1. If the Cβ limit is 7 Å and pairs must be 6+ apart or interchain, which residue in the stretch 332-353 that is open to solvent by 30 Å² or more (accessible area, probe 1.4 Å) pairs with which residue that is assigned to a strand (DSSP E or B) and away from the ligand (no atom under 12 Å from the Cβ)?
2. Filter the strands (runs of 3 or more DSSP E) completely within the stretch 281-355 down to those with at least 1 residues that are within 16 Å of the ligand (Cβ to nearest atom).
3. As an exercise: evaluate W311 against (1) open to solvent by 20 Å² or more (accessible area, probe 1.4 Å); (2) in contact (Cβ under 8 Å) with a residue 60 or more places away in the chain; (3) farther than 21 Å from L434 by Cβ and give the number of the one condition it does not meet.
4. If you take the residues of the stretch 130-147 that are of a type in the set (A, V, I, L, M, F, W, C) and over 24 Å from the mean Cα position of the chain (by Cα), which of them is surrounded by the most Cβ atoms within 10 Å (Cβ to Cβ)?
5. Can you find a residue in the stretch 195-212 that is over 30 Å from P169 (Cα atoms), open to solvent by 80 Å² or more (accessible area, probe 1.4 Å) and touching a residue at least 24 places away in the same chain (Cβ under 8 Å)?
6. How many residues are within 8 Å of the ligand (Cβ to nearest atom) and not in a helix (DSSP H, G or I) if we restrict to the stretch 359-373?
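The values are calculated or read from the model by the stated rules, or taken from the named source; none is laboratory data. Treat the numbers as computed from the prediction; the structure is a model and nothing was measured. Ideal geometry is used to build each Cβ from the backbone, glycine not excepted, and the neighbour counts take in all protein chains shown. All accessible areas refer to the heavy atoms of the entire protein, side chains included, with ligands and DNA or RNA removed. Shrake-Rupley method; radii C 1.70, N 1.55, O 1.52, S 1.80 Å.
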Amino acid sequence: MKDRLQSDLLKLAGTLAITWAVGSLVGYPYQLLTLVLLAMVVRHLRQRSKALAWMGSEDGGLPPPEGDGTWAEMFDALYELQKANAVERQRLVNSIEYFERSFSAMPDAVIILDSEWRIDWCNRAANQWLGIQAPRDFGQYLLNLLRQPAFVRYISQRKFDESYFIPSPRNPAVELELRFSRFGNNEHMLFARDVTKVRQLDQMRRDFTDNVSHELRTPLTVITGYLETLQDQRGLIDARLHRALDQMAAQGERMKSLITDIIWLSRLESVPLDIDEIPLNVRELAESLQREALEVANEQRDIAIVVDDDWLLQGSHKELYSAFSNLVFNAIKYTPAEAKITLIWQKTNFGATFTVKDAGPGIPPEHLSRLTERFYRVENSRATASGGTGLGLAIVKHIMQRHGGELRVSSILGLGSSFVCHFPNSRLASLDKLQQDAS
Ligand code: ADP
């Protein structure tokens, strides 16, 4: 750059020197110098106006104009730059087209949303499944086009790690699974796929489980009924058969519990959550669980209750009873008589927790993540002896999910376990507020 300036200045000095010399020869050095300088200024002005006209031209693709002198070099450099830009732009256009073609070929709907939830782009399937059409709907707010109240609620909760299911606005017989993922500067991508077949199969599986369980219930009731009668009349039966009789009765009871749990789980999967109007008084529930547990335990047990009475719990009383009682009875079943059990209800920064804490033997860490799987047991023999079904914690997990919460388990071998049910703020009702409303 410095070299160029130097050579331009040298050229200018040379031109002026020659002009001066020629001017001196003919006797008009000043006049000739002024004339040459004027000619140079006019030439620059002409080139400048050409350059401005080119820059302002509507067609940005036109090559730069012909120039002379230093302007020619500049126009040449601009031309090279323009060519390089055109190549780069074509490369970008090709990649955008490639991206659009591949997304358009997808059978799933893809919608790209800006940080204000306006539609930036969508593929062809977005029209087929959601009625959102490119480019007609670009710039529209997504919630103006998909207005189902449940969908609006889902968006406002922003719990996008979970899928959401809606009937297709274009065809209510089609069930769609929606998934959001966040990227960039709070932009979102919405994916919608047709899961009608998967959901139908799932429903068939649930119906089958439900039917089988109900069908098994009747014969099992008859069998256990006869077994009870035989046990009542054991004096009439050969003593060698007593053990077999007792085992049959115990296994019969176990099968009954299994069927009851399977039917309950299947209900939890298929029936929407029914929230009781009156919030649950957690102290009352904890006290009744304490009474029942003491009755069930064959030995003396120490069950303590620590409850924050300021907060009540909103949800299905029946389901919450089922979840908490599973945890309390597990604590009785899997810990020795001397191990203390504590039921704790407390407010936290994010909501509230109901904890069943025991000072039992604890659970080895490798089992913790699998405890809520159906039929998962830490130790088969112990669980079978305890009459457990392996479904209790799966039921608790499901109930917690239905209430917008989750179950977390922690345990230290030799010290005990804590089963903590976390509830979000939206599930809490303040006692103060309820009393104010009532008065
Ligand atoms: P089950 O019907 O067998 O009790 P659950 O799903 O309720 O099934 O529990 C799964 C397993 O977790 C149990 O088999 C038991 O091994 C273990 N478990 C549950 N609660 C406790 C506890 N408080 N202490 C130790 N182990 C426990």
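1. Final answer for the pair search is K340/A304; I344/V306; Q346/A352; Q346/T353; K347/W311; F350/P424.
2. It comes to 303-307, 341-347.
3. Tallying (1) open to solvent by 20 Å² or more (accessible area, probe 1.4 Å); (2) in contact (Cβ under 8 Å) with a residue 60 or more places away in the chain; (3) farther than 21 Å from L434 by Cβ, W311 fails exactly one: (3).
4. Among residues in the stretch 130-147 that are of a type in the set (A, V, I, L, M, F, W, C) and over 24 Å from the mean Cα position of the chain (by Cα), the one surrounded by the most Cβ atoms within 10 Å (Cβ to Cβ) is A134.
5. no
6. Number of matching residues: 6.
Let's see how each residue does on (1) among the hydrophobic types (A, V, I, L, M, F, W, C); (2) open to solvent by 50 Å² or more (accessible area, probe 1.4 Å); (3) farther than 30 Å from P336 by Cβ; (4) without any contact (Cβ under 8 Å) to a residue 40 or more places away in the chain:
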| site | (1), (2), (3), (4) |
| --- | --- |
| A239 | yes, yes, yes, yes |
| M248 | yes, yes, no, yes |
| L258 | yes, no, no, no |
| V271 | yes, yes, yes, yes |
